[in-house]
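The values are calculated or read from the model by the stated rules, or taken from the named source; none is laboratory data. Fair warning: this is a prediction, and the values are worked out from it, not measured in the lab. Methodologically, a virtual Cβ is constructed for each residue, glycine included, from the backbone with ideal geometry; neighbour enumeration extends over all protein chains shown. Note: areas computed on protein heavy atoms with side chains; ligands, DNA, RNA excluded. Shrake-Rupley method; radii C 1.70, N 1.55, O 1.52, S 1.80 Å.
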Amino acid sequence: MSRVVFSGATTTIADIAAIARENAAVEIEPDVYNRLEKARAILDRAAASGQQIYGLNTGLGANLKTSVTEDIGAFQQQLVRGRGMGVGPSLERDVTRAVIATRLSMLAVGGSGISPSVFNDLLALLNKQIHPVIPSIGSIGAGDLVLLAAMASTLMGEGAAEYQGKVYPSAQALKKAGLEPSALGPKDGLSLLNASAVSVGRGALVATDAAVLLDFQRRAVAMSFEALGGNPHILTPAIQIARPAEGQVEEAEKLLALLEGSSLLEARTAIQDPLSLRCVAPIQGALAHALKAAIDAIELELNSSADNPLVIIDEERVLSTGNFHTPSLALAFETLGLAIAQAALASAARFIQLTGSGRHGLPRYLSPVGGASAGFVPLQKTVAALVGAIRHKANPVLLDFLAVSEGVEDHATQTPLAVAKCAEIVDLWRQLVACEMLAAAQAIDLRPELRCGRGTRQSYDLVRAVSPKLEADRALGADVLALVDGLRQ
């Protein structure tokens, strides 16, 4: 089993993906425990001095002015129970693991004041592969408290959790794994809840998937260049350098590398191709740039203290913050969704070019038999439906919120929704890329004179490993799904 080490400063989206999908175990650097102990001591001293500390000796939200003076430890359990208001389908197993790992990474920074024992209990939950049943609806992006209440409940031995493929009452799942319920001390409940770990954890997986799929989109583009007899000289470095928009130079380099060795580079080609081919470097360069911004936003959160209140170790004091608020993260994923949609529309346009009526010297509908054969043309409707769904989900949501908690929480970011719909966009985009690759492979088969580039040949072989050449009309939906599974894996 692989291992990931949390230091409070170096967690990446690759780390979260390894923990979520490969069951990588998490280890903690010793310095993390030094920070946790110092922060806890500072928090305890501040509370003992009589300082009002949000969520420790005061209520939350609209109850801010309500003092908590009796049994402060029991209040933390009440706090968790009182926020278990989530609804909707539960998060998938990999997302749940990403959420727990994300909260651990954030806590490792040391600004929460969480008890080291509770931190260790959360670590054991992850490493023992006990997965709380976390609902998907209940956060508007002002921290994910309502959703994270399910994680804290499992630590307390309440709620439900999946263990070894079955869902049990949390107390039973803990017992089966050899663990005891966690005893929450002052502020421990709030430390578990008051962060955007659902948004960040899921976002890490979405960004991981988008990065993989962008590479396959490049492969699909290179295949379409070959299939359409496109002009590869549009990718010449000097052209990109003349107007070096973000990502454009690098994108052209990667596409040219895939075409290396192609007979296209020696052939007479059209002066100008349709824009979905001719402008692909700036289109996908913009996507690569948006993806990097989303990854940067996620990794900032993974290695930061988003707690309210925050224990400032160097200054030995506790202050209220708004660090749980994630407008930049929401904006990054809204932008990523729009950038994917733009690239997806170009992919769909190339598919229509490929499967049109005898265009670019190719047989009509890419059918080798002609006549009344439908060939690939019915798949145009599927492509149009995919594009319609992507465009719908790309509409921004970060401005759609209501003031809640008696107006105390009068702004929100809708980050969980922005990330969730971006995940759906990626799933739809994957199917669209598969359609383009299938059509391009068919067109390549119908150009016997073509010598494919080395990268393009590898992509063609990937397609043909799951989908044979279309010799007569058949249901291509199964071929699309088979290739989608290949791209996902």
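What the table below lists for this structure:
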| item | result |
| --- | --- |
| Probe 1.4 Å, protein heavy atoms only - accessible area per residue of the range 3-194 in square angstrom | 39 Å² |
| Student exercise, the range 288-370 dipole from Lys, Arg, Asp, Glu Cβ charges, in Debye to nearest 20 | 1060 debye |
| Whole-Hz ³J(HN,Hα) from phi, Karplus 6.51 cos²θ - 1.76 cosθ + 1.60, for the range 375-382, glycine and proline x | x, 8, 5, x, 5, 4, 5, 4 |
| Å³ per residue enclosed by the Cα convex hull of the range 110-204 | 102 Å³ |
| Spin-label zone in the range 201-230 - amide nitrogen under 18 Å from a point set 7 Å from the Cα of Glu266 along the C-beta vector | 226-227, 229-230 |
| Lys176/Leu319 FRET efficiency (R0 45 Å; Cβ-Cβ; nearest 0.05) | 0.65 |
| Net lengthening on full extension, Ile137/Lys469 (0.36 nm per residue, minus Cα-Cα) | 115.1 nm |
| Coil-residue GluC sites (Glu not before Pro) of the range 364-470, DSSP, other Cβ within 10 Å capped at 13 | Glu406, Glu449 |
| Mean Cα-pair separation over length for the chain, i.e. relative contact order, pairs under 8 Å, 6 or more apart, % | 18 percent |
| Gain on full stretching of the segment that runs from Ala384 to Ala482 - 0.36 nm per residue minus C-alpha separation | 33.3 nm |
| For the range 449-469 and the range 12-37, distance of Cα centres in Å | 40 Å |
| Of all accessible heavy-atom area on the range 3-194, the percent that carbon and sulfur account for (1.4 Å) | 51 percent |
| Spatial extent of the chain: Rg and Dmax, with the Cα atoms as the point set, Å | 26.1, 88 |
| Binned Cα-Cα distance frequencies in the range 202-487 - 5 Å width, integer % | 1, 6, 11, 15, 16, 14, 11, 8, 6, 4, 3, 3, 2, 1, 0, 0, 0 |
| Glu316 accessible area, assembled protein chains, probe 1.4 Å, Å² | 120 Å² |
| Computed over the range 3-194, Kirkwood Rh from alpha-carbon pairs, angstrom | 16.8 Å |
| Longest site-free stretch - the chain; sites: trypsin sites (Lys or Arg not before Pro), DSSP loop, at most 13 other Cβ within 10 Å | 66-267 |
| Simple Cβ-charge dipole of the range 3-194, Lys/Arg +1 and Asp/Glu -1, about Cα centre, in debye nearest 20 | 160 debye |
| Difference of contour (0.36 nm per residue) and Cα-Cα distance, Glu92 to Ser49 | 11.1 nm |
| Selected from Ala41, Ala9, Leu148, residue furthest toward positive end of dipole (the range 3-194; charges at beta carbon) | Leu148 |
| Cα centroid separation - the range 216-231 against the range 248-310, whole Å | 15 Å |
| Ala403 paired with Asp296, simple spin-label distance in nm, labels 7 Å along Cα-to-beta-carbon | 3.5 nm |
| Leu402 accessible area, assembled protein chains, probe 1.4 Å, Å² | 130 Å² |
| Total charge dipole magnitude, the chain, about the Cα centre, Cβ charges on Lys, Arg, Asp, Glu only, Debye to nearest 20 | 1280 debye |
| The range 202-487: relative contact order in percent, alpha carbon pairs under 8 Å with at least 6 residues between | 26 percent |
| Surface per residue (accessible, 1.4 Å probe) for the range 202-487, Å² | 42 Å² |
